[in-house]
Amino acid sequence: IKVDGITLLPIFGPFGTAYSVDISALKSGGHSYVITATDSGGSSNTYSGTFSIATPAIGDVVIALTATPPVISWRVTTSTNTSFASTSIKVDGNLLALSGNSGTAYSAILPQLSSGNHSYKITATDKLGFTNTYIGTFTKQ
């Protein structure tokens, strides 16, 4: 099997008449495949097609430093409405506990921050194991 022109190995199976390959390293978006099946007599058939991978999209990040308490909020969605398994956030490398969850909206209370530049990293993973990461920065006056 070739995906996007690259041969994927190892091929797992057979599972009855089915085989599989690991596609977890593929990025979100459209992909093409070509599968060649050869029988013991040397006769071959080739099948081709396309598929897409939709990882969770992270967006609508809002940092409310003047709120009481200060919070950061974001949304996690998928283009196929596939549910996702988890989301997390780190600020300046420290994992924060989620303080809110409303459908696709999430929030976390920010710790006491010093003045200056700070970074955050939001990660979302869908139920198929595909992960997306959103990295950003903000400044506290």
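Checked against (1) in contact (Cβ under 8 Å) with a residue 60 or more places away in the chain; (2) surrounded by 13 or more Cβ atoms within 10 Å (Cβ to Cβ); (3) within 17 Å of Ala105 (Cα to Cα), Ser28 meets all criteria but (3).
Lys90 - would you say it is surrounded by 12 or more Cβ atoms within 10 Å (Cβ to Cβ), within 14 Å of Tyr134 (Cα to Cα), touching a Gly at 6+ places or on another chain (Cβ under 9 Å) and of a type in the set (D, E, K, R)? No; evaluated as a whole, the condition is false for this residue.
So that you can scan it fast, the table gives a plain yes or no per residue for (1) touching a residue at least 24 places away in the same chain (Cβ under 8 Å); (2) of a type in the set (Val, Ile, Thr):
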| residue | (1), (2) |
| --- | --- |
| Ile1 | yes, yes |
| Thr7 | no, yes |
| Ser24 | yes, no |
| Ser32 | yes, no |
| Ser40 | no, no |
| Ser43 | no, no |
| Thr46 | no, yes |
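Of the strands (runs of 3 or more DSSP E) lying entirely inside the stretch 1-97, those containing at least 1 residues that are within 23 Å of Lys121 (Cα to Cα) are 29-38, 44-53, 57-64, 71-77, 84-91, 94-96.
All of the numbers you see were taken from the coordinates with simple rules; none came from a lab. Source: prediction; values computed, not measured. Glycine also receives a Cβ, built like all others from the backbone with ideal geometry; neighbour counts cover every protein chain displayed.
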